Each structure stands twice: as C-alpha cells, then as structure tokens.
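Okay, so here's the structure we're looking at.
The values are calculated or read from the model by the stated rules, or taken from the named source; none is laboratory data. These numbers come from a predicted model, not from an experiment. Positions of Cβ are backbone-derived with ideal geometry, glycine not excepted, and every protein chain shown enters the neighbour counts.
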Amino acid sequence: MKIAQVAPLMESVPPRFYGGSERIVSYLTEALVAEGHDVTLFASGDSVTAARLDACCPRALRLCQNVLDPIPHYMVMLDKVRRRAHEFDIIHFHIDQFQYPLFRDYSHRAVTTLHGRQDLPDLCPLYMHFKEMPLISISDAQRAPVPDASFIATVQHGLPVDLLPRSLHSQGGYLAFLGRISPEKRADRAIRIARAVGLPLKIAAKVDKVDAEYFRDEIEPMLDAADVEFVGEISERQKGRFLGDARALLFPIDWPEPFGLVMIEAMACGTPVLAFRRGSVPEVIDEGVTGFIVEDEDEAVRKMGALLALDRAAVRRRFEARFTAERMAKDYVKVYKRLLAEADPVERTRPVLLNGNAAVQELT
C-alpha cells in the first residue's frame, strides 16, 4: 500500500524533546515501513525516517527563532501533498484541520487522526461543515464533546516494543512527573501528593512561553525544598532511565486528556501509574494491574501503598499486550483498507485537477 503520512511541522519526526504527536507519527511511519508498505513522510527537513522524506521546511518550526507564524509553512506543505496526492492510496493527516477544504474531493482516501482536545466550541461547526472528511480518535473519551463528527475508528497509541528498557526493580526511590508545565497538567498536585506520602519527586517538563508566567507564579515557589527536583525538558534517550528508575509516575491531570502518551511510556518501563479520572485515563490504565485511577489528592495518598506494591513485570506485560507500535500500525492498516473498500466506485475514478490539468485518480 502506498501511504502518505502528513506530520505537524512544529517538531521534527521524531522530536528531539517534547512532541507527542510527532512521536506517534514517527512510530507509526517506521512500523508501516517495517510491515512492507511504501510510505512517504511529509515533515520538517530535520526529521529522520526509513520512509521517503518530503521536507516541507528546513527544520522544526519551534527551533527556528525567525519563524513568527507557522501557517504559511503549513500552506506550503499542503500544496506539496496536494500535488502528489495521486501517488498515494491513503493520505493520513496528523495536523487537525488545515487540509479539509483542499482535500474534500479525496475524502474517500484521506483520513485525519485528531491528536488534541475536542472540547472547544469552534470545532462542532467545522466538523458539521466537512462531514465527508473521515476522522480517527485516539480514545473514545476524545469523541465526547463532538459526538456527531465523522469518526470511523478509535486507534490507541503504541510504542516500539524495545524503545524503552524495562526496569523491573526501581533504582531511584522517587516519584516522577513527565510532560509539560501547564495549569491542566497540575504539577502542583504531584508536588503535594509526593510530600504527603514522604517521597521525593522529580519533575521532567518543558515550559512553553505561554505557560512561563504560570510556572513562575504557581510552580516555582513550590520548588524551594530538597524533596522536589525540577529536571527540565529531557530527551527521548533520557526518558527511559528517568521513568524506569521511578517508583511510580504521577499523572494528576485536570483536563479531558485525549490519550496521555506518558502513561504507556511508563508502563513500557514497568513503572506503575497513578492518574486522575479525566479524559482517556480509564481507557489506558488497567486498574490494579498497571496503576490506579483516583478522584482527588486524598485518594491518591491513600492508594500510594497499593500502587508501589504492583508487580512491575505485570505492568510491562500489559504494555506489550496493548500498546505496541506494531499493534497500532496494524489497526491503522485495517482502517485504511476499510476506507478504500467502502469508497464509492465513482469516486475512485473521479477527475481532479492536478497542476491545472484534468487527471483521473485511480487507487492502486
């Protein structure tokens, strides 16, 4: 199958540091190539892949200080994808909404995975206007705010099975918080929980410009003691040791989390997860096996003993059963094949304009 993967441009694929969507695009692309598919990745020029790379900007936009507006760069990318659209059986977008007007006539073989939150009022009219554009959710909970959108499947994220080393015996003696500093991620909760149970906490997180004031006013004042260490943003290479050495991961979110990649990253290391019941959390954590789900900080403190007693080997086994990149790629291929099988025969040979000339698009 000839497949185009269209990635966000803010980070490289895979990203050097934080970048959940780009990371998943990388894992999916490499798994599809390993399965024998002919894959082209549309991404930033500093991306690294076994697929064919079509560079749509020289390097990740977040790393370019002279990039003030990302939208022109996305317009260039979409034009490149459109001009090459006739080459692919499936075009898989990971950039939310920019492509809808341009690829309406490819809706029978263009699919979009939604990676972000959907509880924004502007999204409902968008999805109603572009009902023909098929969507894939990354959790069932992600769909709740837009139940009438054109979802055709839910495909949960997965990681390469050997990406992170399993650690069946915690070496660090600390609790971990990994992600980014923002009001919805609630690092403040993690600090209070760790202090209440008498365990040190390490925070590995990036601070975006939009959250710098929140970090300075709300979180930084809580870092004035030896029991909390702010590590900052870490790389993929550092992540395995950071999570593997932790006794548990704290995921005390306060927003409708679409998936929560860090939860399965911890599970891959054998590290159990304590998470608040928000968004996708109940779909990802197997209660009493890979972690516990709580309603508030008091319950989190009460569950800590049971959490630390969980079998780390069992946590790792459940990761292998549910959250590998190989499983994710196979699930997506099933969706691709179903989409093509259900395509209107008229649509399969519908004339479209390519470089100003009429051409017939036929699926291979």
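Just a few scattered comments:
- Any hit, segment 53-70, residues being more than 19 Å from the chain's Cα centre (by Cα) and among the β-branched types (Val, Ile, Thr): yes
- When restricted to residues that are under 20 Å from Glu257 (Cβ atoms), touching a strand residue (DSSP E or B) at 6+ places or on another chain (Cβ under 9 Å) and crowded, with 18+ Cβ neighbours inside 10 Å, segment 128-145 contains 7.
- Looking only at residues in segment 83-107 that are touching a Ser or Thr at 6+ places or on another chain (Cβ under 9 Å) and acidic (Asp, Glu), the one that is modelled with the lowest pLDDT is Asp96.
- Count of segment 228-242 residues which are free of Cβ contacts under 8 Å to residues at least 60 places away in the same chain and of a type in the set (A, V, I, L, M): 2
- Considering segment 189-232, the residues that are among the acidic types (Asp, Glu) and surrounded by fewer than 16 Cβ atoms within 10 Å (Cβ to Cβ) include one that is nearest to the chain's Cα centre (by Cα), namely Asp208.
- Residue selected from segment 270-283 under the condition farther than 19 Å from Asp254 by Cβ and either hydroxyl-bearing (Ser, Thr, Tyr) or in contact with a Lys or Arg (Cβ under 6 Å, 6 or more places away or on another chain) (or both), by the criterion surrounded by the fewest Cβ atoms within 10 Å (Cβ to Cβ): Gly270
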